[in-house]
Each structure stands twice: as C-alpha cells, then as structure tokens.
Amino acid sequence: MPSLSRLVDGNPGVIDPKKVPHVSVGNGARMPAIGLGTFGSDHASHQTVADAVKYAASIGYRHFDCASVYGNEDCIGQVFREIFKNGLQRDKVWITSKLWNNKHGEVLSSCQKSLSDLKIEYLDLYLIHWPFPNHHPPECDVTARNPHAVPYVHENYMRTWRQMEELVDRDLVRHIGTSNMTIPKMKLLLHDARIKPVVNEMELHPHFQQPEFFRYLMDNGIQPIGYSPLGSPARPERDRTPEDTSPTEDPVIRGIAERLGIHPAVVCLKWAVQRGQVPIPFSTNPKNILSNLRGVVSEPLSPQDMQTMEKLDRNCRLIKGQVFLWKEKQSWEDLWDINGVVTPA
C-alpha cells in the first residue's frame, strides 16, 4: 500500500482531510465531523468491513467508529497497523470503541482487549454501548430475550461509569461517552459523574431528529453522534417493522437531491453535519464511501433547504432495541423513557 500522504497529495479521487469539518469535544479535542461506521450487520464479513476501513483511510477519512460486539476489531486492527506503518500519524485519526453490555463489570479488561485487537495504544473515545447490561446472541431475531435481563439501575450504571473514568486516569482513553441514552438517564449521570461524557451516540436521521434530546445535549456541552444517518437500509431484520420509513426515499429529500444533482444519502449527511451532529454512515461500497465524504466538504445546503429538512421529522425510531427488554409483554418504548422518567422495573 502506498504512503497515505502520497495518496492524498494531488489525487483528485481523494479528499484532503484538512477540508473535512471538525467539531470540538471535551477540552478542545477536534473530532472529524463525519466518520465511517463499522457495524457490518448480518451482511458484511469482518474482512469486508476492514477493507472498507482501509479504503476510507486512503481517501481521507480520519474518524472510525468501532465496537467490540461487532466482532471485527481484530481485522480492523490489522488495517490500522498497516496504515500507521505507512506514514499516517496516529494522532491524526479519531478511533472510537464501545463497551458491550455483558462487560459492564469488566471495563478495564474489555478496553484492553479492544486496544489489543485494534493494535493501538489508546482510544480517542470509549463509549458504554447501551445503558443496560442486557445482551443477546449474535444474529438473533426480535423475540430473543435474555432471562437475566434487568432494567436500568442508576447505581449499577455509575459503578460502570467509575471504571470508565479510571480509563481516562490511566491514559488508555482520551475521552469517554455514552450511547443510546435518554434525557432522564443523562440527567442522573451528569449529576453524579466526576468526568462527564463528551458525546452521546444515538440514532439520528431526518425522519428521527430527536430535537428535545439534541438540544439538551448541545446545551450541556455533549456532542451528538448520529448512527443510522441514512435510515440504516441494511439494518438487521429484527429491527424492521411495517411502520418504518426511509429518509432516502422521502420525496422532499429526493427533490432536493435531484435539484442539486446529488444522491439523497448525501443530502442526509449534509443536513446532519450542518445541524451539528456527527454522522457515522456505514458502507463497503467504495463509490458510496467516497461520495459520502465528498458530500460534506462540498457546497452546503441552503438555509431554506435546512428549514425544509427540519419539518421532515416523523419521530420514526428504526433501532428500537426490543432484544434488551427485561420482562414479558413490554413495549420497546420502555427502553427510551418516553414519559420523561426512567422506566421503573
């Protein structure tokens, strides 16, 4: 593989990483405002995802969103080792990983495993993947339930968070954050945390804008990172329901895309970055990987288009999380505290 610096310099098929927007998190750390997700769902092999990371790095991506539960960190680590060996500086790349649900009591060893697999000495960001310790078998269907599943218990979550804070103290991670939280849970965490989360990773796309939570996070200096920014067209079957909608099929978004001569997916990503969230689209298609990055460094959407997009919210959550429920005859809404308080046991 040629030097990445040579790949970037003067190559019209490559985006200069310096042109990619950044956001400030924590004490001024700069996170690229678009990343590559690495959840291959049930359709992309670990090596295919690693190849996508390698290609993305070669064309200018400097932000990669990983997780231990994806099962592919070792393959991705081979890519990181190669690209750093070939001249890309580690401090120019933002690497995130996540603590899986069955490791809430084993934070240090889980983080060390991710570091070993990814072939790096530190993580820029480490997240608690879900606020519940509940987990499920790989590729299970929507009816799967763990007999040991429990509701959110703040005291237990804080025991995990204290271990996350220790990772920062040990210089194993630069920043810590949350994922799939809610306002009631976040209020409790902010009250009790010694080191507050710098991000919350959450589902965000034009049909699911979470405006109240989004504003709450921004007001508290917490950066929203948006997964499924295109509506997750390749999400697992267990996450599909008849009432789901697709933002890239929205006639308004398609109309904007047609007028601008771009793909509807690019419209969604432009909207996300301009709104202030950090999208992490996943793709293994080189054409789409490049198009996504190029889209956020090209001409922005107009203020009128942004206002139009704001009106498209359908409160359509696609990743509902049914497999994390803790008792029979529950609705997935119980995971998301829709009544404004933490759902009781």
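The values are calculated or read from the model by the stated rules, or taken from the named source; none is laboratory data. Everything numeric here is computed off the predicted structure, so don't read it as measured data. With ideal geometry, Cβ positions are generated from the backbone for all residues, glycine too; neighbour counts draw on all protein chains shown. The protein model used for the area step is the full one, side chains on, heavy atoms only, and it has no ligands, DNA or RNA in it. Shrake-Rupley method; radii C 1.70, N 1.55, O 1.52, S 1.80 Å.
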Checked the stretch 73-114 for anything out of contact with any Asp or Glu (no Cβ under 9 Å at 6 or more places or on another chain), not in a helix (DSSP H, G or I) and not hydrophobic (A, V, I, L, M, F, W, C); matches are Asn86, Gly87, Gln89, His104, Gly105, Glu106
Could you tell me which residue of the stretch 319-345 is nearest to Pro229 (Cα to Cα), considering only residues that are of a type outside the set (Phe, Trp, Tyr) and touching a His at 6+ places or on another chain (Cβ under 8 Å)? Val323
Those residues that are within 16 Å of the chain's Cα centre (by Cα) and open to solvent by less than 30 Å² (accessible area, probe 1.4 Å), I need them from the stretch 57-75; list them, please. Tyr61, Arg62, His63, Phe64, Asp65, Cys66, Ala67, Asn72, Glu73
Could you list, in sequence order, the residues of the stretch 25-54 that are in a helix (DSSP H, G or I) and either open to solvent by less than 30 Å² (accessible area, probe 1.4 Å) or in contact with a strand residue (DSSP E or B) (Cβ under 8 Å, 6 or more places away or on another chain) (or both)? Val49, Ala50, Ala52, Val53
Here the qualifying pairs (Cβ atoms under 7 Å; residues six or more apart or on different chains; first in the stretch 276-304 and buried (at least 17 other Cβ atoms within 10 Å of the Cβ) and modelled with pLDDT of 95 or more; second among the polar types (S, T, N, Q) and not in a helix (DSSP H, G or I)) come out as Val278/Gln223; Phe282/Thr38; Ile289/Ser283; Asn292/Ser283
If we scan the stretch 309-329, do we find a residue that is under 24 Å from Lys18 (Cα atoms) and either open to solvent by 10 Å² or more (accessible area, probe 1.4 Å) or polar (S, T, N, Q) (or both)? no
Please work out which one of (1) in contact with a helix residue (DSSP H, G or I) (Cβ under 6 Å, 6 or more places away or on another chain); (2) buried (at least 21 other Cβ atoms within 10 Å of the Cβ) is the condition Val341 fails and give its number. (2)
Whether any residue in the stretch 199-219 is open to solvent by less than 30 Å² (accessible area, probe 1.4 Å) and of a type in the set (Asp, Glu) is what I want to check. yes
Return the total of residues in the stretch 147-178 being free of Cβ contacts under 8 Å to residues at least 40 places away in the same chain, within 21 Å of Asn27 (Cα to Cα), open to solvent by less than 20 Å² (accessible area, probe 1.4 Å) and among the hydrophobic types (A, V, I, L, M, F, W, C). 1
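Does Ile195 satisfy the condition of being open to solvent by 30 Å² or more (accessible area, probe 1.4 Å), in a loop (DSSP other than H, G, I, E, B), within 29 Å of Ile59 (Cβ to Cβ) and among the aliphatic types (A, V, I, L, M)? Give the steps one after another, and end with the answer.
On the way: open to solvent by 30 Å² or more (accessible area, probe 1.4 Å): yes; in a loop (DSSP other than H, G, I, E, B): yes; within 29 Å of Ile59 (Cβ to Cβ): no; among the aliphatic types (A, V, I, L, M): yes.
So Ile195 fails the test.
Out of Met181, Met186, report the one residue that is at pLDDT 95 or above, assigned to a loop (DSSP other than H, G, I, E, B) and open to solvent by less than 40 Å² (accessible area, probe 1.4 Å).
Working: Met186 fails: assigned to a loop (DSSP other than H, G, I, E, B).
From the options Met181, Met186, the qualifying one is Met181.
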